[in-house]
Amino acid sequence: MFERSVAGYDDALFDAAGLRSTDQVLDLGCGTGSTSRRAARSAMRGGVLGVDLSSAMVSAACRRAEEEGLRNAEFLQADAQIHPFAPASFDVAISRTAAMFFSDRVAALAKVRRALRPAGRLILLVWRPASRNAWFLELTRALADGRRLPTPPPDAPSPFALADPDVIAAVLSAAGYADVAIRGLEGGMYLGPDPEQAYDFTLGFLGWMLDGLDPVRRARACEALRCTIDAHAGLDDVSFGSAAWLVTARSQQASAD
Ligand SMILES: C[S@@+](CC[C@H](N)C(=O)[O-])C[C@H]1O[C@@H](n2cnc3c(N)ncnc32)[C@H](O)[C@@H]1O
């Protein structure tokens, strides 16, 4: 479901990546591998390495790539922040909604830069602030049931940790990238084909917000969630507004290397 929920951004991401058939591509936080598979279809004479912390995600990614007969896609269960990638071994690094979960973004992206060849391309899709993301605002408002839930500190890993373009530019510059460009995009966040599946999907990734509620408040929050989802149901799907930054940069040799 998540693969599809943000797929509306894929054309912009892959246009920016401009993959060539011989490229070696690194997909950071690849999840179940939809962007890795698309990259593998473009880089047919090259290859793709998808890396994710979650072994369950990596297993699903392997299975799907195999089902599609993509022999040039490999997957690795690893922490992309610290994994010892071979130096200068990739032409492009992509990441769809994952880089903001790195705990030390400068160190992680500097490591990725060293894995890129000189002038290698980095393309990140990251969320713009929560205030621009109706999916987050409306779903969390329903589940909060009037509570003011704590927000993570700005530099802690979270979906919105790279929501500030000044922070993105500072992180990439400190990590040794040049030609940083940040473009605002808006699109839909697909939650499912119908309200029932959208409800289950939402509780799958935001259900933790019900923790600590007594049964009455929990039932009220779930009802509020159903109402919010119903209000966004169209003929074929349930979709909320979303906004992301498309970030592009090039690796440069840092004096510390
Ligand atoms: C929101 S999901 C996006 C998944 C995928 N990129 C997609 O768009 O379908 C974020 C992913 O980043 C992964 N992730 C977070 N921190 C990571 C790290 N340090 N190394 C590797 N993967 C990481 C998570 O396990 C999760 O699968």
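The values are calculated or read from the model by the stated rules, or taken from the named source; none is laboratory data. This structure is a prediction, so every number in the text was calculated from the model and none was measured. As a convention, Cβ positions derive from the backbone with ideal geometry for all residues, glycine included, and neighbour counts pool all protein chains shown. Accessible surface is based on the protein model in full, side chains and every heavy atom, while ligands, DNA and RNA are left aside. Shrake-Rupley method; radii C 1.70, N 1.55, O 1.52, S 1.80 Å.
How about region 173-202: which of its residues are free of Cβ contacts under 8 Å to residues at least 24 places away in the same chain and hydroxyl-bearing (Ser, Thr, Tyr)? Even if it seems obvious, please write down each step before you answer.
Keep residues of region 173-202 that are free of Cβ contacts under 8 Å to residues at least 24 places away in the same chain, which gives 173, 196, 200.
The answer is Ser173, and nothing else.
Whether any residue in region 214-232 is outside any helix (DSSP H, G or I), more than 13 Å from Leu139 (Cα to Cα) and touching a residue at least 12 places away in the same chain (Cβ under 8 Å) is what I want to check.
Of the residues in region 214-232, the ones outside any helix (DSSP H, G or I) are 214, 232.
Restricting the remaining residues to those that are more than 13 Å from Leu139 (Cα to Cα) gives 214.
Narrowing further to those that are touching a residue at least 12 places away in the same chain (Cβ under 8 Å): none.
Looking for residues that are outside any helix (DSSP H, G or I), more than 13 Å from Leu139 (Cα to Cα) and touching a residue at least 12 places away in the same chain (Cβ under 8 Å), one finds none in region 214-232, hence no.
Kindly evaluate Ser42 against the criterion of being surrounded by fewer than 16 Cβ atoms within 10 Å (Cβ to Cβ) and among the small types (Gly, Ala, Ser). Lay out the reasoning, then the answer.
Details: surrounded by fewer than 16 Cβ atoms within 10 Å (Cβ to Cβ): no; among the small types (Gly, Ala, Ser): yes.
Taking the combined requirement at face value, the residue does not satisfy it.
Here are Phe2, Phe75: which of them is of a type in the set (Phe, Trp, Tyr), at pLDDT below 95, closer than 23 Å to Val126 by Cα and open to solvent by 20 Å² or more (accessible area, probe 1.4 Å)?
Details: Phe75 fails: at pLDDT below 95.
Sole residue among the options that is of a type in the set (Phe, Trp, Tyr), at pLDDT below 95, closer than 23 Å to Val126 by Cα and open to solvent by 20 Å² or more (accessible area, probe 1.4 Å): Phe2.
Is it the case that some residue within region 125-140 is open to solvent by less than 30 Å² (accessible area, probe 1.4 Å) and within 9 Å of the ligand (Cβ to nearest atom)?
Within region 125-140, one or more residues are open to solvent by less than 30 Å² (accessible area, probe 1.4 Å) and within 9 Å of the ligand (Cβ to nearest atom).
Among the listed residues Ser34, Ser55, Ser89, identify the single one that is out of contact with any Cys (no Cβ under 9 Å at 6 or more places or on another chain), open to solvent by 50 Å² or more (accessible area, probe 1.4 Å) and of a type in the set (Ser, Thr, Tyr).
Values: Ser34 fails: open to solvent by 50 Å² or more (accessible area, probe 1.4 Å); Ser89 fails: open to solvent by 50 Å² or more (accessible area, probe 1.4 Å).
Going through Ser34, Ser55, Ser89 in turn, just one is out of contact with any Cys (no Cβ under 9 Å at 6 or more places or on another chain), open to solvent by 50 Å² or more (accessible area, probe 1.4 Å) and of a type in the set (Ser, Thr, Tyr): Ser55.
Looking at region 20-31 only, could you name the residues that are within 16 Å of the ligand (Cβ to nearest atom) and open to solvent by 20 Å² or more (accessible area, probe 1.4 Å)? Full working, then the answer.
Taking region 20-31 as the starting set, the residues that turn out to be within 16 Å of the ligand (Cβ to nearest atom) are 25-31.
Within region 20-31, Gly29 is the sole residue that qualifies.
Filter region 203-257 down to the residues that are β-branched (Val, Ile, Thr) and either touching a helix residue (DSSP H, G or I) at 6+ places or on another chain (Cβ under 6 Å) or closer than 24 Å to Tyr190 by Cβ (or both) and list them by number. Please lay out each step first, then the result.
So in region 203-257, the residues β-branched (Val, Ile, Thr) come out as 216, 228-229, 238, 247-248.
Passing the criteria: Thr228, Ile229, Val238, Val247, Thr248.
Looking at (1) under 15 Å from the mean Cα position of the chain (by Cα); (2) of a type in the set (Gly, Ala, Ser); (3) near the ligand (Cβ under 10 Å from one of its atoms); (4) open to solvent by less than 10 Å² (accessible area, probe 1.4 Å), which one does Ser103 not meet, given that it meets all the others?
(4)
Out of the residues in region 156-189 meeting the condition of being small (Gly, Ala, Ser), more than 16 Å from the ligand (Cβ to nearest atom) and not in a strand (DSSP E or B), tell me which one is nearest to Gly234 (Cα to Cα). Can you show your working first?
Of the residues in region 156-189, the ones small (Gly, Ala, Ser) are 156, 158, 161, 163, 169-170, 173-176, 178, 181, 184, 187-188.
From the residues that got through so far, the ones that are more than 16 Å from the ligand (Cβ to nearest atom) too are 169-170, 173-174, 176, 178, 181, 184.
In the following step, the residues that additionally are not in a strand (DSSP E or B) were identified as 169-170, 173-174, 176.
Numbers: Ala169: 38, Ala170: 40, Ser173: 42, Ala174: 44, Gly176: 45 Å.
Across region 156-189, the extreme among qualifying residues is Ala169.
Can you find even one residue in region 197-210 that is at pLDDT below 95, of a type in the set (Phe, Trp, Tyr) and closer than 30 Å to Ala107 by Cβ?
yes
Looking at the structure I just gave you, is Thr97 within 15 Å of the ligand (Cβ to nearest atom), open to solvent by 10 Å² or more (accessible area, probe 1.4 Å), among the β-branched types (Val, Ile, Thr) and on the phi > 0 side of the Ramachandran plot? Write out each step before concluding.
Details: within 15 Å of the ligand (Cβ to nearest atom): yes; open to solvent by 10 Å² or more (accessible area, probe 1.4 Å): yes; among the β-branched types (Val, Ile, Thr): yes; on the phi > 0 side of the Ramachandran plot: yes.
Answer is yes for this residue.
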